[in-house]
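The values are calculated or read from the model by the stated rules, or taken from the named source; none is laboratory data. Since this is a predicted model, take the numbers as computed values, not measurements. In this analysis, Cβ positions are derived from the backbone assuming ideal geometry, glycine residues included, and neighbour counts consider all displayed protein chains. Note: accessible area is taken over every heavy atom of the protein model, side chains too, but ligands, DNA and RNA are not part of it. Shrake-Rupley method; radii C 1.70, N 1.55, O 1.52, S 1.80 Å.
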Amino acid sequence: MQMNQVHTGSSGGGNAGGAPPRYDPYVNGTGAGGGGGGNNGNGSNNDGRGGGLAQQHHNHHDDDDDDTFSGDFFRRLQGGSGSHSVSASHGGDGIVRNHHPGHHHHPDHDDDYHYDNYHDDDDDEDDIDDEDDEDLNSEAREYYNSGASELVTTVRGDGYGGGGGSNSSHMAESECSSSSHHHDNNNESTGLRQRRTSSGGGSKYQSHNYEPDESEVWRAYVAQQHFANRGQWWTTGKLRALKRWMLTLVVGVTQAIIAVTCNMATKMLMEAKYDHVYDLMEYHRLSSGISPSSSSASTASANNNDAGYYTADGYLDVDQDGIPDSEEYSSGGTTAMDDVNDHLARHWFNFGKSPYLTFLFYQTLFVLCAALFVYIEPVSGGSGIPDIKCYLNGIDVPRIVEFKTLVCRVMGVTFSVAAGLPVGKEGPMVHSGGVVAAVISQGRTKFWGVDTSFSKFSDFRNDREKRDFVACGAAAGIASAFGAPIGGVLLSLEEGASYWSTNLTWRAFFCAMITLGTLFVVRNQDSKWGQANVEKLFSLGEFTSIGGGSSNFSVWELLLFILIGCLGGLIGACFNAGSEHLTIWRMKHINHSKKRRVLEVLAISMLVTTVSFVMPLLWGRCTELPTDMQDWTNQEKELVANLVPFNCVPGKEYNEVASLYLCEADVAIRQLFHFRETGETDSSTFSSAALFLFFIPYTTLACIVYGIAVPAGLFVPSLLAGAAFGRLFGHLLHKLDHTSGTFADSGTYALMGSAAVLGGMARMTISLTVILLEATGNMQYVLPLMMTLMAARFTGNAFNEGIYDINIHLKHIPFLEPEVPTIAERHEIVAGQVMSTEVKCLRPVERVGIVYDLLKSVGHGNFPIVDTASSGTLYGTASRSMLCTLLQRRAFGQPHDVNNGQHHSSTDGGVDYAELLGPKRLSPLVQWDTIERVYPRYPKIDDVQLRPGDRNCWLDLRPYANTAPYTINETASIQRTYRLFRTLGLRFLCVVNHTNQVVGIITRVDLLPESLSDSIMRGRNAHMARRSSGGGGFS
């Protein structure tokens, strides 16, 4: 059997000499040498990469061999039942062509190369890989039998986008997942690869492309626009800017309307639920003869913000007859039972007049509706902030900004909040704003099945414009939730967008301003748009100065606020750790089944309902309503009407624990913030025991609920739990002081507790400070909030990450942090060590069959184009979407258009078809706007149908190739590589040598800390293997 001749060499200081660097993709010979170096060369990579060609076959297994180099140089690309063929290289500058299976390894080659085993029957992971091998081999046989073996392929031994040597599926550049075929005897590396492989791979996550392909057709399109604008005042650029601002305005208005509608629907559902339950509780109270009641209307008034009225002396008068309710109750009521029976008769169900069963029915019904929307669209579950954060980082999370997701998110959060779960609407509102911006800016949606824009918004149909609109929508979401436009812009900057600019700041500010203005208009229409009632917007209430012009706290109390921040950071770290463990458990046992997710929601809803109902029963104590309220503000008097008379006399008594559990979360927050407790007396609206009985169970329930299959925000539950914690902290200080009034009021400590707990969970500082300031409307708390949040962040970071970052990592999303990973700072790593080295390349003029087979066989998103006339230097890149579009539109020439139809064999490496054509371009040409018109739903290779004879036609890629791709030298440091990749928002980065030959590709997943750690581990193993083999070259 004739074997491939192997030449080993090095031009960079390696030990062996051999064939000089050359480019010949069709010669069955290999050489290794060149400019990489390694331990024995001038480069910095451990592998001694060079500039020649290398190719070898392998069907040899030896369990005693050290599996060291298999991750760096080999990948099984094809195979049969008895042999495996892999591409191997000791030099990365050359190009190699894959061979047909069935060629066997020659024993003589063992003297030149040492091939390590890549099977380990004792490892459970191998069983999975063996199964994947069968699929890979069958696909490879079809691929090579189809004639695609003419492909030009670089030789550094792993998959395109795979992070050095591991063959994990690549999230950013693939559309189909591939299993890892590399086994390492090091347990840490093996576990690392398992995690990367199990992350969902290329079929789930792709990267955005923020830079246009600068091809000839793109330049022609831009030149045409410039020509049309010559001498014109109203240019295309000005029209585009006007459209951009108008669309931003529409986004702000739409998000405000969605927020108002969601709030109104939630209040209606909650009022209907609580009114029915309170009527049943009043019925049982009257039936037991505990005490007369004025009417069920007074019961319902306990949940109505506007139902609190007072006599001139400041006593509660719910029915507005001028007589204090306490006097009416003493005289008895004759129609109370009749009124309750009339109210109960309006409902078609009363469940045996059981308040608990009725409460459970409402809770279960609402939470089932919320779970149904998540069942329809799974990505609508959760907070939504981590998803928007990933999207703005450059990751195309599937279906995250679709109209269907918007509908399910808004409807679902309406029912989940109405169901009484410890969740909020604020996080989902951020996601809602992002989806609204994405849908409106694109002017089209797959939900309707037609293009509704008539190409009016085609200028904004690209990843960059869509990203900026989503950032503006996120700011509008916070503005609509808290009435905090500045805080919304800062949150979008701090927690959302990874790419920011001055122009984007103005647009986000404008969008948040429009949202707040729309809220003013909608919510003040009853006053004929006269004097605006700011309190009708969502706020944390009005914080007034109790001591006149002085602040509500002393300067020395700043130390206590820092202590609260540290405790809040500790609480947040415990919350995040518990949520992380629960999420991991759910991923293993629940999330793989939609039915199980729904059952989990129902079970947790029953738990929340039971706790919310049982805790007030366990409290079992009625507290008299405040009567002497002459010095109280109107805000405090109105809050008294919201205290819940759970098994108590309405209008006279209330249940402290029920007033926190059985009411809306924002009402409970305002009660904890604003009920006056200065510490000068023993009186308190909420006792320390009631606060403790609420804080511990509520925080635990919030941790359990976060992550179930319902839309759920974290802001309001964190604020409520923190307010209870802070007020409890203030109570303890007042008791230590023996009610001398030394410390600030409990409301101030409640505000600091809210900031501490929320900051400890989310680890936000700047944006959260401004949001709380805008929501409270009092600038005296600037410094206390800043110090509290910084203390919470520092304390929490000492234990774990923020809740949003934890969720991103658990989903195995390739999120790039702002700073270079720590592991890269501690080790010297270069681009050549982390790049993916098996790159599928094309020629400037290629046969249709080869391109079609390539797209069918691999899922890479981009393909380098190499110039065969100049020894394989980089000519440009071609995107997968562009190639599929050209094939679908049949933009290729006939066989006789090149060299008079004479076909050259695949072994003839001297033929350069682009050189034969010269400046001539094969027609027909497809315009750039035609290619991009279908964004983002480009045609897929499965949509392409080739006719008989099309495979021999020629596809001229020169007009469409991106001839100015971003590149980096293989000796560049990982710090420079990381900054270049993330700052520019790249999808991929070509790695070249000193002669501009492609030696690898770097994608998003290659820069993750796990990939960098894996690259370092492989480099250490390779170094140890060379030392054990006597050193020098490739043993």
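Which one of these is modelled with pLDDT of 95 or more and either farther than 29 Å from Cys703 by Cα or not polar (S, T, N, Q) (or both): Gly549, Gly569, Gly541?
From the options Gly549, Gly569, Gly541, the qualifying one is Gly569.
Ala791 - would you say it is of a type outside the set (S, T, N, Q) and touching a Cys at 6+ places or on another chain (Cβ under 7 Å)? Spell out the reasoning first.
Details: of a type outside the set (S, T, N, Q): yes; touching a Cys at 6+ places or on another chain (Cβ under 7 Å): yes.
Yes: the conditions hold for Ala791.
If I filter the stretch 387-398 for residues that are among the β-branched types (Val, Ile, Thr) and either more than 15 Å from the chain's Cα centre (by Cα) or in a helix (DSSP H, G or I) (or both), do I get at least one hit?
So the first thing to find is which residues in the stretch 387-398 are among the β-branched types (Val, Ile, Thr), and the list is 388, 395, 397.
Next, from what is left, pick out any that are either more than 15 Å from the chain's Cα centre (by Cα) or in a helix (DSSP H, G or I) (or both): 388.
Yes, the stretch 387-398 has at least one match.
What pairs come up if the first residue lies in the stretch 599-623 and is closer than 20 Å to Asn642 by Cβ, the second is among the acidic types (Asp, Glu), and their beta carbons are under 7 Å apart, counting only those six or more places apart or on different chains?
Filtered contacts from the stretch 599-623: Trp619/Glu656; Cys622/Glu653; Thr623/Glu653; Thr623/Glu656.
Looking at Pro818, Pro814, which is the one that is touching a strand residue (DSSP E or B) at 6+ places or on another chain (Cβ under 7 Å) and either open to solvent by 10 Å² or more (accessible area, probe 1.4 Å) or closer than 22 Å to Val397 by Cα (or both)?
When all the criteria are applied, what remains is Pro814.
Restrict the check to the stretch 1000-1020 and report whether at least one residue is out of contact with any Ser or Thr (no Cβ under 8 Å at 6 or more places or on another chain), among the polar types (S, T, N, Q) and closer than 15 Å to Tyr875 by Cα.
No - not one qualifying residue is present in the stretch 1000-1020.
How many residues, within the stretch 491-505, are in a helix (DSSP H, G or I) and either among the polar types (S, T, N, Q) or over 18 Å from the mean Cα position of the chain (by Cα) (or both)?
From the stretch 491-505, those in a helix (DSSP H, G or I) are 491-496, 502-505; that's our starting set.
This time we only want the ones that are either among the polar types (S, T, N, Q) or over 18 Å from the mean Cα position of the chain (by Cα) (or both), so: 492, 502-505.
Summing the residues that are in a helix (DSSP H, G or I) and either among the polar types (S, T, N, Q) or over 18 Å from the mean Cα position of the chain (by Cα) (or both) in the stretch 491-505 gives 5.
Listed here are the residues, each with its yes/no results for (1) surrounded by fewer than 20 Cβ atoms within 10 Å (Cβ to Cβ); (2) outside any helix (DSSP H, G or I); (3) of a type in the set (A, V, I, L, M, F, W, C); (4) touching a His at 6+ places or on another chain (Cβ under 9 Å).
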residue	(1), (2), (3), (4)
Gly759	no, no, no, no
Ser767	no, no, no, no
Glu774	no, no, no, no
Pro784	no, no, no, no
Met787	yes, no, yes, no
Ala824	no, no, yes, no
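Inspect the stretch 743-751 for any residue being out of contact with any Leu (no Cβ under 7 Å at 6 or more places or on another chain), open to solvent by 10 Å² or more (accessible area, probe 1.4 Å) and either modelled with pLDDT of 95 or more or over 26 Å from Leu1007 (Cα atoms) (or both) and give the result as yes or no.
Yes - at least one qualifying residue is present in the stretch 743-751.
Within the stretch 413-445, restricting attention to residues that are charged (D, E, K, R) and in contact with a helix residue (DSSP H, G or I) (Cβ under 8 Å, 6 or more places away or on another chain), which residue is modelled with the lowest pLDDT?
Looking at the filtered set, the residue picked out is Glu426.
Within the bounds of the stretch 695-710, is there any residue that is free of Cβ contacts under 8 Å to residues at least 40 places away in the same chain, out of contact with any His (no Cβ under 8 Å at 6 or more places or on another chain), buried (at least 19 other Cβ atoms within 10 Å of the Cβ) and in a loop (DSSP other than H, G, I, E, B)?
no
How many residues, within the stretch 626-651, are polar (S, T, N, Q), modelled with pLDDT of 75 or more and more than 16 Å from Glu542 (Cα to Cα)?
Going residue by residue through the stretch 626-651, those that are polar (S, T, N, Q) are 627, 630, 633-635, 642, 647.
So of that shortlist, the ones also modelled with pLDDT of 75 or more come out as 634-635, 642, 647.
Those left that are additionally more than 16 Å from Glu542 (Cα to Cα): 642, 647.
Qualifying residue count, the stretch 626-651: 2.
Could you tell me how many of the residues in the stretch 601-629 are more than 14 Å from Leu701 (Cβ to Cβ) and in a helix (DSSP H, G or I)? First the steps, then the outcome.
The first filter runs over the stretch 601-629 and keeps only residues more than 14 Å from Leu701 (Cβ to Cβ), leaving 602, 616-629.
Next, from what is left, pick out any that are in a helix (DSSP H, G or I): 602, 616-619.
The qualifying residues number 5.
I need the full set of residues from the stretch 563-601 which are more than 24 Å from Leu720 (Cβ to Cβ) and open to solvent by 40 Å² or more (accessible area, probe 1.4 Å), in order please.
Ile584, Trp585, Met587, Lys588, His589, Asn591, His592, Lys594, Lys595, Arg596, Arg597, Leu599
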